[in-house]
Amino acid sequence: MQRRILSAQLARSGYEVIEAGSAEEGLTLCAERAPDIVLSDWVMPGMNGLEFCRAFRDQNRASYGYFVLLTSKNDKNEVAQGLESGADDFLSKPVNGEELRARLAAGERILTMERELRQKNRLLRAAQEAIERDLSEARKLQQSLIKERHRSFGAAEVTLMLRPSGHVGGDLVGFFPINARRVGLFGIDVSGHGIASALMTARIAGYLSGSSPEQNVALILSEFGIYDGRPPAEVAQHLNTLILEEMETESYFTLIYADVDLVSGDVCLVQAGHPHPAVQRADGTVEFLGQGGLPIGLLPMADYEQVTTVLAPGDRLFLMSDGITEAATPSGEMLCEDGLSRLMRDSAKLRGQAYLDALFWDLSEYTQGNLVDDVSAVLFEFNGAKTNAD
């Protein structure tokens, strides 16, 4: 009788009403018709209201269903039971018509908000998927900035590593022949992360291009039509001027640039805010070079100093980003130069890509897989045999 009275009240209020004689029948109707709102008595023969509510929540629905329990119970513990079972609201019996309509109106508002939220989430997911696709393409484009990951110059081997922490990053490494006996090596790290850093990285890559020597700021064309290299400190100063005067950006970047003689092993480099480059001698010992220096793009009149060293056959020059030296354990302990020296000594017998892979996996183990910054490096292994650099 009460069910028929409620059905009549709801029908007069404009609701489409479906009646069920039991909880079991109600579950079948809910599966077939997916009603927006369910009104259920607490006490019923067979399955009670709590069991019905739990079974209703277990159904696979495309949208949320609002569940109201009708009860004469006023005990707070029993109300808590109903909420834990998945009920959204309660109506005390005997049911007052105005209260019924008010509570159903509140349920409709919640369902409307849920539908709007679901639609917004669909749009957000679609936008996120589009962004993910764009970022995936951006990652491919950024990785393509490195034309070669390895090259043998006979007198030396150059191997590169670039592993962004996200889809794209602000690190870039590379090399280019300066002339028949010299090669330029570089690493940069643009401030920040993400798309803005990656865009600036792409711009800077053009200034140190090996495929377009006429655009490479590290090269100068002599009167005889032969390219030669600018002194590394001058390269840093030139880039500093370009960033401050020609690029409308608040970003800056750190730089390590080395001019290496493939015959003599002489190295002349500039360090502009980048981590200290490491030299690993043939016996496995590691030493760090440089005094630091200001990043590129901070001060208009910044001075940059050059550092020199000589590589003997069997020695390595290792240029790395702070994603390596500042990698940290979960407790916050950074690897630093001492830790890097240890990893380099452990991998001293390896060469080329195997050496870099071993360092990266050791780094991942040290951080327990939580590498929060881009990881990049240039490995220059000096053999001492005379050859051409083209």
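Residue-wise test of (1) touching a residue at least 60 places away in the same chain (Cβ under 8 Å); (2) surrounded by 14 or more Cβ atoms within 10 Å (Cβ to Cβ); (3) not assigned by TED's automatic domain parsing to the domain that holds Gly107.
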{"site": "Gln9", "(1), (2), (3)": "yes, yes, no"}
{"site": "Gly14", "(1), (2), (3)": "no, no, no"}
{"site": "Gly21", "(1), (2), (3)": "no, no, no"}
{"site": "Gln59", "(1), (2), (3)": "no, no, no"}
{"site": "Gly65", "(1), (2), (3)": "no, yes, no"}
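Conditions tested, residue by residue: (1) of a type outside the set (Ser, Thr, Tyr); (2) touching a strand residue (DSSP E or B) at 6+ places or on another chain (Cβ under 9 Å); (3) surrounded by 23 or more Cβ atoms within 10 Å (Cβ to Cβ).
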| site | (1), (2), (3) |
| --- | --- |
| Glu157 | yes, yes, no |
| Ser165 | no, yes, no |
| Asp171 | yes, yes, yes |
| Ala180 | yes, no, no |
| Ile188 | yes, yes, yes |
| Met200 | yes, yes, yes |
| Tyr227 | no, yes, no |
Those residues of the range 303-319 which are touching a strand residue (DSSP E or B) at 6+ places or on another chain (Cβ under 8 Å) and closer than 24 Å to Leu242 by Cα, in sequence order: Tyr304, Glu305, Gln306, Val307, Leu319
Members of the range 338-356 found to be farther than 14 Å from Asp315 by Cα and without any contact (Cβ under 8 Å) to a residue 24 or more places away in the chain, listed by number: Asp338, Arg342, Leu343, Asp346, Ala354
Residue, nearest to Leu104 (Cα to Cα), within the range 1-26, restricted to residues that are assigned to a loop (DSSP other than H, G, I, E, B) and aliphatic (A, V, I, L, M): Val17
Pairs with Cβ under 7 Å, 6+ apart, first in the range 197-219 and without any contact (Cβ under 8 Å) to a residue 40 or more places away in the chain, second crowded, with 23+ Cβ neighbours inside 10 Å and assigned to a helix (DSSP H, G or I): Tyr207/Leu239; Val217/Val235; Val217/Leu239
When residues of the range 140-156 are limited to those that are outside any helix (DSSP H, G or I) and at pLDDT below 70, the one nearest to Ala180 (Cα to Cα): Ile146
Residue in the range 277-293 that is surrounded by fewer than 17 Cβ atoms within 10 Å (Cβ to Cβ) and closer than 21 Å to Asn240 by Cβ present: yes
Leu294 vs. criteria free of Cβ contacts under 8 Å to residues at least 24 places away in the same chain and touching a Gly at 6+ places or on another chain (Cβ under 7 Å): yes
Those residues of the range 242-275 which are loosely packed, with under 15 Cβ neighbours inside 10 Å and under 14 Å from Ala302 (Cβ atoms), in sequence order: Glu245
The one condition in (1) farther than 17 Å from Met320 by Cβ; (2) over 28 Å from the mean Cα position of the chain (by Cα); (3) modelled with pLDDT under 95 that Gly290 fails to fulfil: (1)
Single unsatisfied condition, Ser222 versus (1) more than 32 Å from the chain's Cα centre (by Cα); (2) closer than 18 Å to Leu311 by Cβ: (2)
Count of the range 27-48 residues which are at pLDDT 90 or above, touching a strand residue (DSSP E or B) at 6+ places or on another chain (Cβ under 9 Å) and outside any loop (DSSP other than H, G, I, E, B): 5
Residue count for the range 186-244, restricted to those that are more than 19 Å from Leu160 (Cβ to Cβ), touching a Lys or Arg at 6+ places or on another chain (Cβ under 8 Å) and outside any helix (DSSP H, G or I): 4
Boolean, Leu350 is among the aliphatic types (A, V, I, L, M) and either in contact with a helix residue (DSSP H, G or I) (Cβ under 9 Å, 6 or more places away or on another chain) or not assigned by TED's automatic domain parsing to the domain that holds Ile256 (or both): yes
Residue pairs meeting the criteria (Cβ under 8 Å; at least 6 apart or on separate chains; first on the phi > 0 side of the Ramachandran plot, in the range 251-278; second surrounded by fewer than 24 Cβ atoms within 10 Å (Cβ to Cβ) and assigned to a strand (DSSP E or B)): Gly265/Val310
Residues of the range 1-16 satisfying the condition of being aliphatic (A, V, I, L, M) and under 21 Å from Arg115 (Cβ atoms): Leu10
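The values are calculated or read from the model by the stated rules, or taken from the named source; none is laboratory data. Here the structure is a predicted model, which is why all the values come from computation and not from measurement. In this analysis, Cβ positions are derived from the backbone assuming ideal geometry, glycine residues included, and neighbour counts consider all displayed protein chains.
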